[in-house]
Amino acid sequence: MAKIKMKSRSGAMKRFKRTANGFKRKQAFKQHILTKMSQKRVRQLRPLTQVHKSDERSVRRMCPYL
């Protein structure tokens, strides 16, 4: 008998990527209505960041094969 595979959350698969030290993610508040935001703030939101250690377990459960 074949072992049953777990389903991944497709939304989470699109949002997170696996790295050697955990998961990386995009910053929030960077999609629209950027005109009222200062350019410094927009620039600081540009790079990817690590998922916090307390959230890694839930990301791992949503993406078991990532």
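Every number in this text was worked out from the coordinates using simple rules, so none of it is lab data. Everything numeric in this text was worked out from a predicted model, so none of it was measured. FYI the Cβ positions are ideal-geometry reconstructions off the backbone, even for glycines, and counts take in every protein chain you see.
Condition first: closer than 13 Å to ARG15 by Cβ and either touching a Pro at 6+ places or on another chain (Cβ under 7 Å) or in contact (Cβ under 8 Å) with a residue 40 or more places away in the chain (or both). Now tell me which residues in the stretch 27-66 satisfy that. Those that are closer than 13 Å to ARG15 by Cβ and either touching a Pro at 6+ places or on another chain (Cβ under 7 Å) or in contact (Cβ under 8 Å) with a residue 40 or more places away in the chain (or both): VAL59, MET62, CYS63, LEU66. Residue under question is ALA2, and the condition is that it be part of a loop (DSSP other than H, G, I, E, B) and under 11 Å from the mean Cα position of the chain (by Cα); does it hold? Answer is no for this residue. Note on the stretch 49-66: residues that are in a loop (DSSP other than H, G, I, E, B) and either surrounded by 11 or more Cβ atoms within 10 Å (Cβ to Cβ) or of a type in the set (S, T, N, Q) (or both) amount to 5. Of all residues in the stretch 36-48, those satisfying the criterion of being out of contact with any strand residue (DSSP E or B) (no Cβ under 8 Å at 6 or more places or on another chain) and either of a type in the set (A, V, I, L, M) or in a helix (DSSP H, G or I) (or both) are MET37, GLN39, LYS40, ARG41, VAL42, ARG43, GLN44, LEU45.
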